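All remarks here apply to the structure that follows.
The values are calculated or read from the model by the stated rules, or taken from the named source; none is laboratory data. Fair warning: this is a prediction, and the values are worked out from it, not measured in the lab. For neighbour counting, all protein chains shown are included, and Cβ atoms are generated from backbone atoms with ideal geometry for every residue, glycine included. Protein only, heavy atoms only, side chains kept; ligands, DNA and RNA dropped before computing areas. Shrake-Rupley method; radii C 1.70, N 1.55, O 1.52, S 1.80 Å.
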Amino acid sequence: MKKITIAGTVLTDVVKKIDVYPQKGMLVDISSITQSVGGCVPNTAIDLKRLFPELAVTAVGRIGNDPTGEYLRSRLAKEDIFVDFNVDEQLPTSFTDVMTQKNGERTFFHARGANAAFSPDVVSDDALDCDLFHLGYLLLLDGLDKEDEKYGTVAARLLHRAKERGARTAIDTVSAEGGRFKRIVGAALRYTDYAVMNEIEASAVTGVKLRDGDRLCTENLKEACGALLKAGVSERAVIHCPELGCGMDKSGEFTVVPSLDLPAGYIVGAVGAGDAFCAAMLSSFVSGMSMEEGLALASLAAACNLSSADSVGGARSYEDTLALEKQFKRRSGI
């Protein structure tokens with residue numbers, strides 16, 4: 001049985017559906033409100049268990065001593081995920097208000113809460129007894145984003161510890177504003193076997209231009225993947241975006257798989273789509289799938305996610321996820 005530990009951000013998403021995002025000082029109606037799990041740890045862990053129930057998945061994070069924390073703990077336990085949460089007696093469980101428009105675009109208002117106090121001390125040696133240790137999201141974990149004299153950041157120190165214990169490592173990031181991105185993510189990449197991030201994040205850490213307005217700079221994707229490997233990623237660097245997923249392995253082989261061409265009205269929400277993509281890629285890393293197989297599965301998992309307003313409502317079994325390949329065609333002209 002393969003073991004995967006997912007560590008990092010733990011929170012709830014409060015998804016609020018709106019018609020359009022308002023201009024400053026204006027008002028719009030909220031048509032519905034839904035609470036769901038959120039953050040790298042719950043989203044990715046649940047997506048993994050739905051895809052492959054035989055995987056042993058451990059969730060590691062920090063929550064507050066409050067009903068929201070208990071909701072998260074019980075929700076994950078019901079999915080047969082081993083919960084290894086540390087309770088903060090001072091800070092509340094983190095949450096995000098997600099404003100979701102009809103076209104799937106969303107805006108996030110985030111309260112860091114107990115996630116800000118997440119530290120390597122929270123991660124037990126038992127949690128590192130795994131085949132793959134995944135850490136996310138960098139730039140939302142204040143304790144891990146701090147500088148470390150030897151490793152660059154505390155997160156990099158934690159990843160090094162995981163590798164010393166024999167686990168392979170993976171990271172995911174968040175599309176946060178500010179000039180800290182390259183420093184924080186760059187330090188972690190030196191102790192990362194697998195990196196999974198979107199085109200905005202990949203551009204921020206590598207300096208390679210991947211968007212020109214709405215146009216994806218497909219001609220630069222290979223360069224960006226190569227730059228991630230040169231920055232320290234030892235096995236595979238993966239970049240995903242609405243149009244496609246792509247990746248490069250340590251041999252330099254570059255692979256591109258277009259996303260599904262989904263019909264109008266299919267997308268209900270996009271909260272957690274990146275986590276669904278990442279979960280499928282993590283499963284491919286431990287199962288020995290080829291890059292093409294992993295990218296194809298990840299795009300299907302992301303498409304499943306888009307059919308639901310919350311972060312994990314669209315997660316399906318491996319067989320049901322693969323069924324989308326027959327239901328929809330892939331984009332052309334990528």
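At a glance:
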quantity	calculated
Checking A7 against (1) outside any loop (DSSP other than H, G, I, E, B); (2) farther than 19 Å from L138 by Cβ, the condition it does not meet	(2)
Residue count for the range 59-93, restricted to those that are over 17 Å from V312 (Cβ atoms), under 18 Å from the mean Cα position of the chain (by Cα) and not aliphatic (A, V, I, L, M)	1
Residues being under 22 Å from P42 (Cα atoms) and either open to solvent by less than 10 Å² (accessible area, probe 1.4 Å) or part of a helix (DSSP H, G or I) (or both) - total across the range 273-311	27
Count - residues of the range 106-138 that are closer than 23 Å to F181 by Cα and of a type outside the set (K, R)	19
Close pairs (7 angstrom Cβ cut-off, 6 or more residues apart or separate chains): at positive phi in the range 261-276, of a type outside the set (G, A, S) and in a loop (DSSP other than H, G, I, E, B) anywhere	G272/V312
Enumeration of residues in the range 1-35 that are under 16 Å from S287 (Cα atoms) and open to solvent by less than 10 Å² (accessible area, probe 1.4 Å)	I4, T5
Hey, K2 touching a Leu at 6+ places or on another chain (Cβ under 9 Å) and charged (D, E, K, R) or not	yes
Test: residue in the range 199-212 that is surrounded by fewer than 22 Cβ atoms within 10 Å (Cβ to Cβ) and farther than 21 Å from F181 by Cβ	no
Checking G38 against (1) in contact (Cβ under 8 Å) with a residue 24 or more places away in the chain; (2) surrounded by fewer than 24 Cβ atoms within 10 Å (Cβ to Cβ), the condition it does not meet	(2)
Subset of the range 212-225 (residues that are closer than 16 Å to S259 by Cβ and either within 21 Å of the chain's Cα centre (by Cα) or at pLDDT below 95 (or both))	D214, L216, L221
Spans of strands (runs of 3 or more DSSP E) in the range 65-175 with at least 2 residues open to solvent by 20 Å² or more (accessible area, probe 1.4 Å), over 18 Å from R190 (Cβ atoms) and aliphatic (A, V, I, L, M)	82-88
